[in-house]
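Only the coordinates and a few stated rules stand behind these numbers; no lab work does. Worth saying up front: this structure is predicted, and the values here are computed from it rather than measured. We place every Cβ from the backbone using ideal geometry, glycine too, and count neighbours over all the protein chains shown.
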Amino acid sequence: MLLSVENITVRYGRLTALRNFSLTMEQGETLFVTGPNGAGKSTLLKSIAGVVAPVTGTIHFHEQDVGGQPPEGIARLGLSMVPEGRHVFGSLTIEENLILGAGMRRDKARMAENLASVYDLFPVLSERKDSHAGVLSGGQQQMLVIGRALMTEPQLIAIDEPSLGLAPKIIDQVYDTLTRLRDERGLSLLIVEQSTTRAVMAGGRMVMLRSGELVLEGDARELSKGDALNAAYFGFEEH
Ligand SMILES: Nc1ncnc2c1ncn2[C@@H]1O[C@H](COP(=O)(O)OP(=O)(O)OP(=O)(O)O)[C@@H](O)[C@H]1O
Ligand SMILES: [Mg+2]
């Protein structure tokens, strides 16, 4: 088992953002986490990456209890998060942004290898490596933040709403890259999207959250055949 989240509850003050939530992932698997605004999707990723601390429950990565570990420690174990919002340092160059992704590591040879590997995946970043990141388009910024997450050589990438605000053609490119990472480099992907569209297109396992709770889990294509998807998403009663 690569990742195991067991019965976590996360609160922000009096608000319960995630209640008794569990999931597991195997190596090489792609899992979509979907659900409407405020469902707790980002909170789930932040918990897994060590950015917020659950009040109850456990999180294991590679059988190691990562609860209470700082984000850098979890990243070192091979779990890299791409937060929502595609935040890049606009006044730094593309290459400087990538180097920041490697954290405190000082191994120059490894750094060069990792950079080469990111440039191989995203030639557009290589061509513009000395440009300021602030001039990149939204799609290119998404590639940069994915590239930055790859600098720690992760086995699992947890990515929050990669398609938000991007044109459909650009979203296709982002997903092509994610698919390549899975197929060519064996990465496991935990992908958060509000909409179920991409999960259904890609196929495979999907979980849906609403108001901090798991409301649906199964094969995305199978679930899309009936009314269950919409019912769970909008909270309709099923008859
Ligand atoms: N730092 C915070 N302090 C207080 N409340 C928060 C904080 N972060 C999130 N929340 C609340 O927790 C709940 C879950 O938020 P979260 O961001 O995890 O949802 P989400 O599913 O990612 O939503 P979206 O699709 O809009 O990104 C929401 O009600 C939100 O307002
Ligand atoms: Mg979110």
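Couple of notes before you dig in:
- Reachable lysines from Lys169, criterion Cα separation under 24 angstrom, eight or more residues apart if same chain: Lys129
- Relative to one another, the C-alpha centroids of the stretch 1-50 and the stretch 84-163 are positioned 25 Å apart.
- Among Glu29, Glu161, Glu127, residue whose mean-square fluctuation peaks in a GNM of the chain (springs only between Cα atoms under 10 Å): Glu127
- When DSSP beta bridges are restricted to pairs lying wholly in the stretch 151-233, around 55% turn out antiparallel.
- Among Asp130, Asp219, a tally of other beta-carbon atoms within 10 Å of each Cβ gives an order, fewest to most, of Asp130, Asp219.
- A cut-off under 12 angstrom between Cβ atoms defines the neighbours of Ile74, and their net charge, with Lys, Arg +1 and Asp, Glu -1, is 0.
- The value of relative contact order for the stretch 131-239, using C-alpha pairs under 8 Å at least six residues apart, is 19 percent.
- Looking at the chain alone, DSSP beta bridges between its own residues are antiparallel in about 55 percent of cases.
- The chain: relative contact order as a whole-number percent, Cα under 8 Å and 6+ apart: 26 percent
- Positive-end extreme of charge dipole, the stretch 24-167 - chosen from Val55, Leu144, His87 (charges on Cβ): His87
- Overall dimensions of the stretch 123-239 by Cα: Rg and Dmax, Å: 16.5, 59
- Ordering of 82-95, 35-48 by packing [mean C-beta count within 10 Å, highest first]: 35-48, 82-95
- Taking amide hydrogens as placed 1.01 Å from N in the peptide plane, the amide H of Leu216 sits under 5 Å from those of Met208, each at least 5 positions away in sequence or on another chain.
- Estimated from helices alone, the mean residue ellipticity of the chain at 222 nm is -11000 deg cm²/dmol (sum of -39500 (n - 2.57) over DSSP H runs with n ≥ 4, per residue).
- Angle in degrees between helix 168-185 and the longest Cα principal axis of the chain, rounded to the nearest 10: 80 degrees
- Counting only Cβ charges, +1 for Lys and Arg and -1 for Asp and Glu, the dipole size of the chain around its Cα centre is about 540 debye.
- Highest-MSF residue in the chain out of Ala102, Ala220, Ala167 [GNM, Cα springs under 10 Å]: Ala167
- Straight-line cross-link partners of Lys41 among the aspartates and glutamates, defined as a Cα under 19 Å from its Cα and at least 8 positions apart when in the same chain: Glu6, Glu29, Glu84, Asp160, Glu161, Glu193, Glu213, Glu217, Asp219.
- Between Glu213, Glu184, Glu193, the GNM of the chain built on Cα springs shorter than 10 angstrom shows Glu184 fluctuating the most.
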